[in-house]
Every structure is written in C-alpha cells, then in structure tokens.
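Beneath this line is the structure, given in structure tokens, with notes to follow.
The values are calculated or read from the model by the stated rules, or taken from the named source; none is laboratory data. The model shown is predicted, which means the values in this text are computed figures rather than measured ones. For neighbour counting, all protein chains shown are included, and Cβ atoms are generated from backbone atoms with ideal geometry for every residue, glycine included.
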Amino acid sequence: MTRFGYDDSDVVVIVGSGAGGGTLANELCQQGIKTVVLEAGPHLTGEDYVNDEWEAFGQMAWTDPRTTSGGWQIARDFPNLPAWIVKAVGGTTTHWAGACPRFKPHEFMARSAYGDLDGTSLLDWPITLSELEPYYDRAEIKMGVTHRHGRPPLPANNNYKVFANGADKIGYRQYATGPYATNAEPYDGRPASVQDGFNFQGDKQGAKWSTLVAELPKAAKTGKLDLRPDSHAAQILHDGQGRATGVAYVDRNGTLRRQRAAVVCVAGNSIETPRLLLLSASARFPDGLANSSGQVGRNYMRHTTATAWGQFDKPVNMHRGETMAGIIADESRLDTGRGFAGGYYMQTIALGPAFFGKFVAPGSWGPELAAIVDGYRNTAGMWIIGEDMPQSGNRITLSGDTTDAHGLPVANVHFDDHPNDVAMRRHGVAQGTAVYNAVGAVRTIETPPYPSTHNLGTARMSERPGDGVLDRFGRTHDVPNLFVSDGSQFTTGAAANPTLTIVALACRQAEFIARELNKTLV
Ligand SMILES: Cc1cc2nc3c(=O)[nH]c(=O)nc-3n(C[C@H](O)[C@H](O)[C@H](O)COP(=O)(O)OP(=O)(O)OC[C@H]3O[C@@H](n4cnc5c(N)ncnc54)[C@H](O)[C@@H]3O)c2cc1C
C-alpha cells in the first residue's frame, strides 16, 4: 500500500473519492502523479454490502446531520435528510443506478437558449459540447456504458416493457434500456449484471461501474495512489501569497493531521464541497476560500424530479432487473412552447417494498397507504428528471447552531422551487401518468421529490470571475492551485443525470493539471 509523507509537497491532494474525485485520482496516477485521496467514509467492498435497502442505506449514506430551509417539499417531508449522498470509498457511485445521458448542445448555453428568466441566475457554461465530446467518449468507454462504443444493451425487464409500450402508444419514439453504466456482458475485468435488483444499493458483484471497483483499483496498481479512508477534511490551508499548501483533516483515530500539497482538488459532492471552502475562511479570505465573488454555495441545483407510478391488474415485479435501465428522451428537447424552459427525461425506477412504503406517499398512513403498498407487485414506476433553474438564493451555508462529530458547523441546504420547476414537474407527471394510462393502469400515483440524489452547481464555472467560482478547467478563479472536481462545477444542470458529465470533466481536468504541473504550476 502506497504512503506519501505528510510533508511531501509534491502530491496532489483530492478530497472525496466519488465520481469526480475517484476518476481524477486514477487519471492523475496513470500520468505518474503522486496522489493522496482523503475520503471521510470507510472502505466498504462488495462483501460488506447487504441486500436490504434500509440496512444498506444505514451502512453507506452520509447520515451526519444536515439542516434545511426554504419552500421545497423536502424541508417538510425530510427535514434532516435534504440530500441522499454516500460517505464511503467510491462516494455516491456505489449507490448510483447508472443512467448516463450526455448533455445536449443548448444545455451548455442555457442563458442564451432560455433568455432572461425572472428570478434565475442562468449563465452560459464557459465550455461547449464539442469541447467536451472527446471526454464524453473517454468517460463512456471507461464506464462501459451500454448502447455506446459497441457495448450491448441490457435486456428489457417488465418495468421497462410497460414503460416502453406506454411510451409508444402515446407517440414517443426515443426510448431504450440505456445508456447505462452496468455491464450487460463481462467488460473491463468486471462481470455482467446478475439482474438481482440491488444495483441501486451497493453492488456485490461489481457489474456496475463505480470508482470503488473501477478507477481506484487501477490507480492503486500504479503505485501512485495513497488512499486514506475515514479521513475527514476540515480545512484547506494556504500561504501568505494565497496559494493552497495542503489540507487539515481528522483521521480515523480522531487525530488532526496536515497533508502538504502542490495542488488541492475538492470533490466532496456539491454540499460538502462549498461547506469545506466556507470552513476554510481565514484572515486573508474572510468569506471563505475562493469566494471573492460571493458565489460559493450559491446556485444550488438538484434537478426537478417527481415519480409517477402505475398499478395494473397483473404483476409487473418492477424490482426484478436493473433499477433504472429505461429512458424516454422525447421531452428532453429544446421547446419552450410547453410553458417552461429546459427539458426532462423519464426513467424507469423501482424501489423495494420497504423504501416504497416510506417514499411513495410521504405523510400518508392507514388504509390509504396500505392500499398502495398492497399493490406493490402490480406496480410500474418511472422517475421524472429535468433541468431546474439556478437561483442565487438556493444556497449551501454553514449552520449557525448545528455541528458535526468534529465540532464543525454542518451545511444548511436552502431551496425554493422556481415557477419553471413547478410547471415542468406538472407536465412530467401528467405525461408519465398518460404513459401508464395508455397501457391500462387501474390506478396512478404521484410521488413528490425524494431527498436530492443529484446535487449540483454550488461552485460554478464562469467565464468572468465575478459570476462564479471556477474557470473552464474547474480551477478556482482566486487560488491558482485549488480545483473543484465534482458536480459543484456545473454552471447549469441540464436534464441529464450528472455522473457521466462529472467523469468527463474529471478526465479533462486531469489533463490540464498534468500539463500545468509539468510547467510547474506552483
Ligand atoms: C440512489 C442514487 C441513484 C443515483 N443514480 C444516478 C444515475 O443513474 N445516474 C447519474 O448520473 N447519477 C446518479 N446518481 C448521482 C450520482 O451518484 C452523483 O451525481 C455522483 O456520484 C456525484 O459525484 P461527486 O464526485 O460529486 O460526489 P460523490 O460521488 O458523492 O463523492 C463525494 C465523496 O466525498 C466524500 N467527502 C465529502 N466531504 C468530505 C470531506 N470533508 N473529507 C473527506 N471526504 C469527503 C464523501 O464521503 C463522498 O465519498 C444517483 C445518486 C443516488 C444517491
């Protein structure tokens, strides 16, 4: 196992080992760069995972306290769980499903495409789709995304067949079982999915791409990776010139350590990343590190979501097969004629009976809930996921009264729906319901948003330093050797599930960092 010295000032330190951090680590190690990854959570592996939704959630999720505020329904339904994120080696890629659409060209130019919408802080990205395309290719190849680069599709499960038939009947044409980052056949040293319905939790077999099973083991083989689980980064340190010098973190024994660094990259997911930048305030940076624009923590996005369920007179057994291997893309188009800007996807979703009972109708109890749960076997489900509008006031701040086990203020997540988000959600649920009615649903049910699984945009890229936190490579405008490497970079959220784009951006950022290190960045 590789270990670098605490005083080794040549290393790149990455905070977080998920989609952004784990991918960046591998890409840097492959280029011979010494890399230390600080991961707050434990190093769980396939053998540790349990095929039980609640136990798996307790084992993997970030359950440290967080607080929430704002008008969103999550503040009422799940006041202590605004977001659903993993705290373990591999980050949320160990819990994710695998849906992998790319952004569309207009989604990198949302401000130009949608205009000046009241109450939004829309901005164009400082990069275009054509610049990212080669990195999308690399990301898809490394993740083994189905339907791409010769990878075969996953088989259709019953949930998908209901969904696809309904889609066809109401005139949709763009539906398929992917792109999806879970193997339909063995690929890259990992097996094919056994279709056990538990890829949404930890995947015992390793058929699903995650940084745990794909990126980090490859990085370790180079001898350049020093992976430190159970290591909670508490502050990014800097010198008198305002350059990052390392990271202070609490190790598994509760000891405060300082790791020096040539470059620091933060990839803690879009709630913990701004929290860490804010916690790194100093006399020189009184409002938090890299926050001269005041934009750190702002423009938090989480996708406009809802779930539509259809119950039928015959069994569907939605839990069998891959959880989200089904997508309808017709509504993801650029078409402001529907009464809202931005597009959305419909994706198959399945929950086990325990999660279904908890999430399907928050707040309901008794005969009403029992009737829904009784219909479990005959239920088909779809998730609606669309582009939400960035708003300056939707924001991560440090809590004034709640601290974590280390005594550090926790993140408060403030979110208000924009009227555009509400209009899109209504449209999505109506269309989803129509899909199920078209194939004879005896009952349809609408479920409001779950705790946020897609957390985006709290340290956004911007052409002008005053508009955001990062430049076009994810380097902070204020601190030349400090990068952000996760979904916080997103200038706008697009309709697509974010992980493929996070991975593509990490591949591109790694090239940039390697180039700059060769020129001696610091
Ligand atoms: C149930 C579920 C299903 C999903 N399905 C999909 C899908 O189908 N498609 C898709 O594109 N996306 C999906 N997602 C979202 C996807 O998992 C995330 O977008 C992605 O993992 C985010 O990558 P990230 O690098 O920003 O953060 P993460 O992958 O969350 O990694 C962040 C890591 O940083 C660590 N960390 C945080 N703070 C600190 C600190 N201070 N010190 C040390 N370590 C720290 C965390 O413990 C964590 O391991 C899903 C998410 C969930 C929960």
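The table below lists the values:
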item	result
Qualifying residue in segment 70-79 (condition: in contact (Cβ under 8 Å) with a residue 24 or more places away in the chain, of a type outside the set (Val, Ile, Thr) and within 15 Å of the ligand (Cβ to nearest atom))	yes
From the options Ala354, Ala308, Ala371, Ala380, residue that is surrounded by fewer than 23 Cβ atoms within 10 Å (Cβ to Cβ) and either touching an Asp or Glu at 6+ places or on another chain (Cβ under 9 Å) or part of a strand (DSSP E or B) (or both)	Ala354
Some residue of segment 22-42 being in contact (Cβ under 8 Å) with a residue 40 or more places away in the chain, closer than 29 Å to Thr403 by Cα and in a helix (DSSP H, G or I)	yes
In segment 218-254, the residues that are under 22 Å from Trp62 (Cβ atoms), polar (S, T, N, Q) and surrounded by fewer than 20 Cβ atoms within 10 Å (Cβ to Cβ)	Gln235, Asn253
In segment 436-462, the residues that are within 16 Å of the ligand (Cβ to nearest atom) and basic (Lys, Arg)	Arg460
Condition check for Asn199: out of contact with any helix residue (DSSP H, G or I) (no Cβ under 9 Å at 6 or more places or on another chain) and either surrounded by fewer than 19 Cβ atoms within 10 Å (Cβ to Cβ) or assigned to a strand (DSSP E or B) (or both)	no
Close pairs (6 angstrom Cβ cut-off, 6 or more residues apart or separate chains): in a strand (DSSP E or B) and of a type in the set (A, V, I, L, M) in segment 81-94, within 6 Å of the ligand (Cβ to nearest atom) and at pLDDT 95 or above anywhere	Val86/Thr92
Residue count for segment 195-239, restricted to those that are in contact (Cβ under 8 Å) with a residue 60 or more places away in the chain, of a type outside the set (A, V, I, L, M) and more than 20 Å from Glu53 (Cα to Cα)	13
Unique match (being among the polar types (S, T, N, Q), assigned to a loop (DSSP other than H, G, I, E, B), out of contact with any Ser or Thr (no Cβ under 9 Å at 6 or more places or on another chain) and modelled with pLDDT of 95 or more) among Gln295, Gln241	Gln241
Which numbered condition Trp309 fails, given (1) in contact with a helix residue (DSSP H, G or I) (Cβ under 9 Å, 6 or more places away or on another chain); (2) at positive phi; (3) more than 11 Å from the ligand (Cβ to nearest atom)	(2)
Some residue of segment 112-120 being in contact with a Phe, Trp or Tyr (Cβ under 8 Å, 6 or more places away or on another chain) and either more than 24 Å from Ser452 (Cβ to Cβ) or part of a helix (DSSP H, G or I) (or both)	no
Qualifying residue in segment 212-233 (condition: within 10 Å of the ligand (Cβ to nearest atom), farther than 30 Å from Thr492 by Cβ, part of a loop (DSSP other than H, G, I, E, B) and among the acidic types (Asp, Glu))	yes
Positions within segment 35-64 being more than 14 Å from the ligand (Cβ to nearest atom) and touching a strand residue (DSSP E or B) at 6+ places or on another chain (Cβ under 6 Å), in sequence order	Thr35
Of all residues making up segment 175-190, the number that are assigned to a loop (DSSP other than H, G, I, E, B), within 24 Å of the chain's Cα centre (by Cα) and not hydroxyl-bearing (Ser, Thr, Tyr)	6
All positions within segment 9-21 that are in contact with an Asp or Glu (Cβ under 9 Å, 6 or more places away or on another chain) and part of a loop (DSSP other than H, G, I, E, B)	Val11, Gly16, Ser17, Gly18
Criterion: part of a helix (DSSP H, G or I), more than 16 Å from the ligand (Cβ to nearest atom) and more than 12 Å from the chain's Cα centre (by Cα) - qualifying residue of Ala514, Ala510	Ala514
Filter result (over 23 Å from the mean Cα position of the chain (by Cα) and acidic (Asp, Glu)) within segment 205-241	Asp226, Asp239
Residue list for segment 445-480, filter: β-branched (Val, Ile, Thr), surrounded by fewer than 23 Cβ atoms within 10 Å (Cβ to Cβ) and assigned to a loop (DSSP other than H, G, I, E, B)	Thr453, Val479
